[in-house]
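Peer 1: Here's a structure for you.
The values are calculated or read from the model by the stated rules, or taken from the named source; none is laboratory data. Computed from a predicted model, the values in this text were never measured in an experiment. Neighbour counts are summed over all protein chains in view; Cβ atoms, including those assigned to glycine, are modelled from backbone coordinates with ideal geometry.
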Amino acid sequence: MNGVSRRTAVKSVLGGGAALAAGGLAQASATAGAASPEARKPSDESTLWYDRPAADWETEALPVGNGALGAMVFGTVASERLQFNEKTLWTGGPGSAGYDHGDWHEPRPGALTGIQDAIDADGKADPEKVAAALGQPKTGYGAYQTFGDLRIDVPGAPGEPTGYRRELSLGEALSRVTYTDGATAEGGTTYRREFFASHPAGVLAGRLTADDSGRISCTFRLTSPHEGTSTETEGGRITARGTLRDNGLRHEAQLQVVTEGGTRTDGDDGSVTVRDADSAWFVLAAGTDYADTFPDYRGEDPHPRLTAAVTDAVRQGYEPLRAAHVADHRALFDRVRLDIGQSVPDDVPTDALLKRYTGGEGPGERALEALYFAYGRYLLIASSRPGSLPANLQGVWNHSTEPPWSADYHTNINLQMNYWPAHATNLAETAEPLHRYITALRAPGRRSAEKLFGSRGWVVHNETTPYGFTGVHDWPTAFWFPEAAAWLCRHLYEHYLFTRDSGFLRTTAYPAMKEAAEFWLDNLRTDPRDGLLVVTPSYSPEHGDFTAGTAMSQQIVHDLLSSTLAAARALDTDGGLRRELRGTLDKLDPGLRVGSWGQLQEWKADLDDPKDDHRHVSHLYALHPAARIEHGSEEAAAAKVSLTARGDGGTGWSKAWKVNFWARLRDGDHAHTLLRQLLKESTLPNLWDTHPPFQIDGNFGGTSGIAEMLLQSQHGTVDLLPALPAAWPEGSVRGLRARRDLIVGVDWQDGAPRTATLRAGRDGTLRVRCFPGAVSVRDRTARRTVRVRDEGGGTFVLTALAGHTYTVSAP
Ligand code: FUC
């Protein structure tokens, strides 16, 4: 029936979507038998593997992704399921009833000053009262949507396969499934499946093979939970298209099935059936007509682009497509290698490794920690590549039409945390979608600044979407956070600090920073208590009352104004603005106060309760991610008191943040304690972070925390092994990145560094804190010993040349 076009309406499966959300897919036919030794042996230390199919999306299925596209692989023998996503498939926004960007519909004269006056008079304002005055119900906010499922039904698949193994190779970015049809691994036919998401080709792809010829028979289907999706099949290609009822967004998925041997038949139900083939492979592309352009957020119909992507990928052939994918992934993933003495125990699947870890000390602990670090880098590569939106609360993976928190972009910690590992673990390219997204927020953010504040600049509040929701809603404890734009700008400036790319500073970072700074120049208010400039109303995320000048607000604004000043200086521009920034910084409340019990105050008044263990530790922003609190300072000691009081609990991301805090306080053992807590209490069998539920920020925050334990550079010094825990006495790391465009490796023994390598991307002076005592430094590129200036305390200064690698050895 090849070549015959079939058109069928896919039945609405909104109800089915709910069943999927509950993880309700029956996996009964996929019960696996005992694994053969061959199948159970891990291929390498950066592989997640399991001896059963995934029974649940959230906790067991395994993620692949190319930034724009993501899929969760179940490995079910009789009916393979790849739940897939494309990042732009969002309800809400323009076209959705009542969408308003969160901006006030009518001016509210006096509303803002009324709250400010009330705070000046009473010292505080109740969140309910502030939300009533300044908030409004969310309309047309929308949610990230599952695209649908690719199902591959395998008639006659063994109910009890032998030697079942399901894995995710982080090094190759390939998910594999292997099983044998027979009583013994030796006796039957071995079947293999593999799946990947190619960034260069812009497609998901996979192949089913068997050891014996003519053994591949299966039926491919695409299912969609989106009402009105229609499916057409022709020449082994299934095209499923529709428009979202909510906002009219056009969406389309195309699946091409290719066989070697056997037959391929287009079904009249939107399926493609393969019979008696030697192998079958497929290519799947999906997209929408979303564009990140205010105010319409619509671009071209995705059809021609998807048709070309699928056709081009098929034309390449499976092996070249796969090889190009692996090479593309390796070019990023292989930059970093961490060795903390991990030895992967044979025969222990990843879920069992996690269970052992949770149960207490035992072999494999280092293996799990190293795997978690590698996985964080893998997940960032898989969920954030140029050309798409940034990683959301769930990266790119979502199986629901109503995901938790809409799987949106929360900007009071979560989106920012996603990108903490990007530069430190040498994946600067993965930050491009964030930079682009921040840039796209400026147009709606400018309008929100004008409508809500009557001011210059741009804002975004507590959470946002791909449709530029930069205004407010009315959830009292999480709606008002105009500081978010400034916090996002820190990511632009950090990109410059790591890469020293002055073109990026000039064209992307500085314009956004300057405009965010202008917002605050217009909106700071003099505090009648002491005449200092404060943010008001000001809210320490999700905690307490509204006040004026909370620590986090002041620290964020200080960070923005001072980095904008530094950027303007570096670009030698905007003399007038620089004067204004300097003048404002002189009068700005610092947001760093040590309170009555030695704590760093969360609020300007000394309100902190030593028994409070709230998960947000926002007042330590100046310690991390900002770099205002230096080790050994009075503020660092106060931050430690606050952090100790908050305890080692929290949600996934909260523990992950605490790993970073303790690393910045140079307490490697406490950082490691938090890493243990994160793995023990907030990590699912597929090693996803759980808030609960699944929320990917903890994976990224934990990965960043490990990098911070090994290398820091936020205070102008390259600090090697600043927070090495006793649990990692021997080890090495290669390829981490420090600010000033430096690639760093270090080996250590007995908890002390032995050798380090520094590869300079730029000419310049480097200050390095490494080994106590004299060091010998060799320019490996020029093959000569170089003289360094010893500053004492294990710190030396080196004049580095771009492109040269320096080896530093202990005395
Ligand atoms: C912030 C956090 C919550 C959750 C949500 C998505 O509001 O306070 O714990 O992570 O984002």
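Peer 1: In region 527-536, which residues are in contact (Cβ under 8 Å) with a residue 60 or more places away in the chain and either of a type in the set (Phe, Trp, Tyr) or surrounded by fewer than 24 Cβ atoms within 10 Å (Cβ to Cβ) (or both)?
Peer 2: Residues of region 527-536 that are in contact (Cβ under 8 Å) with a residue 60 or more places away in the chain, as a first pass: 527-529, 534, 536.
Of everything in region 527-536, those that are in contact (Cβ under 8 Å) with a residue 60 or more places away in the chain and either of a type in the set (Phe, Trp, Tyr) or surrounded by fewer than 24 Cβ atoms within 10 Å (Cβ to Cβ) (or both) turn out to be Asp527, Pro528, Arg529.
Peer 1: Does Ser406 meet the test of being within 16 Å of the ligand (Cβ to nearest atom), part of a helix (DSSP H, G or I) and polar (S, T, N, Q)? Lay out the reasoning, then the answer.
Peer 2: Details: within 16 Å of the ligand (Cβ to nearest atom): yes; part of a helix (DSSP H, G or I): yes; polar (S, T, N, Q): yes.
Yes; evaluated as a whole, the condition is true for this residue.
Peer 1: Going through region 589-608 one residue at a time, which ones are surrounded by 23 or more Cβ atoms within 10 Å (Cβ to Cβ) and either of a type in the set (Gly, Ala, Ser) or out of contact with any Gly (no Cβ under 8 Å at 6 or more places or on another chain) (or both)?
Peer 2: Across region 589-608, the qualifying residues are Gly591, Gln599, Leu600.
Peer 1: Related question: Give the residues of region 291-309 that are out of contact with any His (no Cβ under 9 Å at 6 or more places or on another chain) and buried (at least 20 other Cβ atoms within 10 Å of the Cβ), sorted by residue number.
Peer 2: Tyr297, Leu306, Ala309
Each row is one residue, and each column tells you yes or no for (1) under 14 Å from Val64 (Cα atoms); (2) more than 35 Å from the chain's Cα centre (by Cα); (3) modelled with pLDDT of 95 or more.
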residue	(1), (2), (3)
Thr162	no, yes, no
Ser169	yes, no, yes
Thr178	no, no, yes
Gly187	no, yes, no
Leu204	yes, no, yes
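Peer 1: Further, regarding this structure: I'd like the residue in region 609-642 that is surrounded by 22 or more Cβ atoms within 10 Å (Cβ to Cβ) and over 26 Å from Cys489 (Cα atoms) and, out of all such residues, is nearest to the ligand (Cβ to nearest atom).
Peer 2: Ranking the candidates gives Ser642 first.
Peer 1: A further question follows. List every residue pair whose Cβ atoms lie under 7 Å apart, where the two residues are 6 or more positions apart in sequence or sit on different chains, the first residue falls within region 313-337 and is under 13 Å from Trp281 (Cα atoms), and the second residue, located anywhere, is β-branched (Val, Ile, Thr) and assigned to a strand (DSSP E or B).
Peer 2: Final answer for the pair search is Ala313/Val203; Ala313/Val283; Val314/Val258; Val314/Val283.
Peer 1: Over 12 Å from the mean Cα position of the chain (by Cα), within 20 Å of Ala331 (Cβ to Cβ) and touching a residue at least 12 places away in the same chain (Cβ under 8 Å) - does that describe any residue in region 392-399? Walk me through it before giving the result.
Peer 2: Kept after step one, since they are over 12 Å from the mean Cα position of the chain (by Cα), are these residues of region 392-399: 398-399.
Filter once more, so that each one left must be within 20 Å of Ala331 (Cβ to Cβ): none.
Taking every residue of region 392-399 in turn, none turns out to be over 12 Å from the mean Cα position of the chain (by Cα), within 20 Å of Ala331 (Cβ to Cβ) and touching a residue at least 12 places away in the same chain (Cβ under 8 Å).
Peer 1: Would you mind telling me which numbered condition in (1) of a type in the set (D, E, K, R); (2) in contact with a strand residue (DSSP E or B) (Cβ under 6 Å, 6 or more places away or on another chain); (3) under 30 Å from Gly92 (Cα atoms) Asp278 fails?
Peer 2: For Asp278, the exception is condition (3).
Peer 1: For residues that are under 16 Å from Asp545 (Cβ atoms) and either in a loop (DSSP other than H, G, I, E, B) or among the charged types (D, E, K, R) (or both), tally how many sit in region 99-131.
Peer 2: Summing the residues that are under 16 Å from Asp545 (Cβ atoms) and either in a loop (DSSP other than H, G, I, E, B) or among the charged types (D, E, K, R) (or both) in region 99-131 gives 8.
Peer 1: Does region 482-492 contain at least one residue that is of a type in the set (Asp, Glu), closer than 16 Å to Pro625 by Cβ and surrounded by 24 or more Cβ atoms within 10 Å (Cβ to Cβ)?
Peer 2: The initial filter retains those residues of region 482-492 that are of a type in the set (Asp, Glu), namely 483.
So of that shortlist, the ones also closer than 16 Å to Pro625 by Cβ come out as 483.
Cutting the leftovers down to surrounded by 24 or more Cβ atoms within 10 Å (Cβ to Cβ) gives us 483.
Yes, the conditions are met somewhere in region 482-492.
Peer 1: Here's another thing I want to ask about it. Please work out if Trp748 is on the phi < 0 side of the Ramachandran plot and in a loop (DSSP other than H, G, I, E, B). Before you say what the answer is, go through the steps one by one.
Peer 2: Numbers: on the phi < 0 side of the Ramachandran plot: yes; in a loop (DSSP other than H, G, I, E, B): no.
When the stated conditions are applied, Trp748 does not pass them.
Peer 1: Further question on the same structure: Pull out all pairs, ordered by first then second residue, where Cβ-Cβ is under 8 Å, the residues are six or more apart or on different chains, the first lies in region 418-436 and is over 22 Å from Asp408 (Cα atoms), and the second is assigned to a helix (DSSP H, G or I) and small (Gly, Ala, Ser).
Peer 2: His423/Ala431; Ala424/Ser704; Ala424/Ala707; Thr425/Gly376; Thr425/Ser704; Thr425/Ala707; Ala428/Ala422
Peer 1: Hey, could you check region 694-734 for residues that are assigned to a loop (DSSP other than H, G, I, E, B) and within 16 Å of the ligand (Cβ to nearest atom) and say which is surrounded by the most Cβ atoms within 10 Å (Cβ to Cβ)?
Peer 2: As a first pass, look at region 694-734 and keep what is assigned to a loop (DSSP other than H, G, I, E, B): 695-696, 713-717, 721-730.
Right, trim to within 16 Å of the ligand (Cβ to nearest atom) and you get 695-696.
On the way: Gln695: 25, Ile696: 29.
Step by step, filter region 694-734, then rank; the result is Ile696.
Peer 1: Give me the pairs, please: first residue somewhere in region 232-246 and more than 27 Å from Trp90 (Cβ to Cβ), second residue anywhere and assigned to a strand (DSSP E or B) and modelled with pLDDT under 95, beta-carbon distance under 6 Å, and either six or more positions apart or on two chains.
Peer 2: Thr233/Arg6
Peer 1: Tell me the residue from Thr470, Thr465, Thr411 that is of a type outside the set (Gly, Ala, Ser), within 16 Å of the ligand (Cβ to nearest atom), over 19 Å from Gly702 (Cβ atoms) and in contact with a Gly (Cβ under 7 Å, 6 or more places away or on another chain), please. Walk me through it before giving the result.
Peer 2: Working: Thr470 fails: within 16 Å of the ligand (Cβ to nearest atom); Thr411 fails: in contact with a Gly (Cβ under 7 Å, 6 or more places away or on another chain).
Of Thr470, Thr465, Thr411, the one residue that is of a type outside the set (Gly, Ala, Ser), within 16 Å of the ligand (Cβ to nearest atom), over 19 Å from Gly702 (Cβ atoms) and in contact with a Gly (Cβ under 7 Å, 6 or more places away or on another chain) is Thr465.
Peer 1: Which one of the conditions (1) farther than 22 Å from Met72 by Cα; (2) away from the ligand (no atom under 16 Å from the Cβ); (3) out of contact with any Phe, Trp or Tyr (no Cβ under 7 Å at 6 or more places or on another chain) does Leu678 fail to meet, given that it meets all the rest?
Peer 2: Of (1) farther than 22 Å from Met72 by Cα; (2) away from the ligand (no atom under 16 Å from the Cβ); (3) out of contact with any Phe, Trp or Tyr (no Cβ under 7 Å at 6 or more places or on another chain), only one is false for Leu678: (2).
Peer 1: If you don't mind, another one. For region 476-588, please list each of the helices (runs of 4 or more DSSP H) lying entirely inside it that holds at least 3 residues being more than 16 Å from the ligand (Cβ to nearest atom) and farther than 30 Å from Val130 by Cα. Spell out how you get there, then give the answer.
Peer 2: Details: elements: 484-499, 510-523, 551-571, 575-587.
Those helices (runs of 4 or more DSSP H) span 484-499, 551-571, 575-587.
Peer 1: Give region 433-475 a look and list any residue that's part of a helix (DSSP H, G or I), over 20 Å from Ala407 (Cα atoms) and of a type in the set (Lys, Arg), or say none.
Peer 2: Filtering region 433-475 down to residues part of a helix (DSSP H, G or I) leaves 433-453.
Subsequent filtering for residues that are over 20 Å from Ala407 (Cα atoms) retains 439, 442-453.
Selection gives Arg442, Arg446, Arg447, Lys451.
Peer 1: Got a number for residues in region 645-660 being part of a loop (DSSP other than H, G, I, E, B) and either more than 11 Å from the ligand (Cβ to nearest atom) or under 16 Å from Ala707 (Cβ atoms) (or both)?
Peer 2: Just the residues of region 645-660 that are part of a loop (DSSP other than H, G, I, E, B), to begin with: 647-651.
Filter once more, so that each one left must be either more than 11 Å from the ligand (Cβ to nearest atom) or under 16 Å from Ala707 (Cβ atoms) (or both): 647-649.
The qualifying residues number 3.
Peer 1: How many of the residues in region 414-432 are within 16 Å of the ligand (Cβ to nearest atom) and assigned to a helix (DSSP H, G or I)? It would help to see each step written out before you state the result.
Peer 2: Start the filter on region 414-432 by keeping residues that are within 16 Å of the ligand (Cβ to nearest atom), which leaves 414-420.
Subsequent filtering for residues that are assigned to a helix (DSSP H, G or I) retains 414-418, 420.
So the answer is 6.
Peer 1: Collect the residues in region 650-673 that are within 15 Å of His616 (Cβ to Cβ), without any contact (Cβ under 8 Å) to a residue 60 or more places away in the chain, buried (at least 23 other Cβ atoms within 10 Å of the Cβ) and of a type outside the set (Phe, Trp, Tyr), keeping them in residue-number order. Give the steps one after another, and end with the answer.
Peer 2: Within region 650-673, the subset within 15 Å of His616 (Cβ to Cβ) is 650-658, 660-661.
Going one step further and asking which of them are without any contact (Cβ under 8 Å) to a residue 60 or more places away in the chain, we end up with 650-652, 654-655, 658, 661.
The next check asks that each one be buried (at least 23 other Cβ atoms within 10 Å of the Cβ); those that pass are 650, 652, 654-655, 658, 661.
Answer for region 650-673, where residues must be within 15 Å of His616 (Cβ to Cβ), without any contact (Cβ under 8 Å) to a residue 60 or more places away in the chain, buried (at least 23 other Cβ atoms within 10 Å of the Cβ) and of a type outside the set (Phe, Trp, Tyr): Gly650, Gly652, Ser654, Lys655, Lys658.
Peer 1: Sticking with this structure for a sec: Among the residues of region 343-365, what is the count of those that are out of contact with any helix residue (DSSP H, G or I) (no Cβ under 8 Å at 6 or more places or on another chain) and closer than 20 Å to Val177 by Cβ?
Peer 2: 2
Peer 1: Scanning region 369-403 for residues that are among the small types (Gly, Ala, Ser) and not in a loop (DSSP other than H, G, I, E, B), which turns out farthest from the ligand (Cβ to nearest atom)? Don't jump to the end; show me each part of the working.
Peer 2: Taking region 369-403 and keeping what is among the small types (Gly, Ala, Ser), we get 370, 374, 376, 382-384, 387-388, 391, 395, 400.
The next check asks that each one be not in a loop (DSSP other than H, G, I, E, B); those that pass are 370, 374, 376, 382-383, 395.
Values: Ala370: 26, Ala374: 24, Gly376: 17, Ala382: 20, Ser383: 16, Gly395: 13 Å.
So, considering only residues that are among the small types (Gly, Ala, Ser) and not in a loop (DSSP other than H, G, I, E, B), the one farthest from the ligand (Cβ to nearest atom) is Ala370.
Peer 1: So which residues in region 398-450 are hydroxyl-bearing (Ser, Thr, Tyr) and farther than 22 Å from Ala291 by Cβ? Don't jump to the end; show me each part of the working.
Peer 2: Quick first cut of region 398-450, residues hydroxyl-bearing (Ser, Thr, Tyr) only: 400-401, 406, 409, 411, 419, 425, 430, 437, 439, 448.
Those that are hydroxyl-bearing (Ser, Thr, Tyr) and farther than 22 Å from Ala291 by Cβ: Ser400, Thr401, Tyr419, Thr425.
Peer 1: Right, here's the next one. If we scan region 674-681, do we find a residue that is in contact with a Lys or Arg (Cβ under 6 Å, 6 or more places away or on another chain) and part of a loop (DSSP other than H, G, I, E, B)?
Peer 2: Of the residues in region 674-681, the ones in contact with a Lys or Arg (Cβ under 6 Å, 6 or more places away or on another chain) are 674, 677-678.
If we keep only those that are part of a loop (DSSP other than H, G, I, E, B) as well, we get none.
Taking every residue of region 674-681 in turn, none turns out to be in contact with a Lys or Arg (Cβ under 6 Å, 6 or more places away or on another chain) and part of a loop (DSSP other than H, G, I, E, B).
Peer 1: Kindly indicate which of Phe453, Phe469, Phe498 is surrounded by fewer than 24 Cβ atoms within 10 Å (Cβ to Cβ) and either under 20 Å from the mean Cα position of the chain (by Cα) or under 17 Å from Asp292 (Cβ atoms) (or both).
Peer 2: After applying the criteria, what remains is Phe498.
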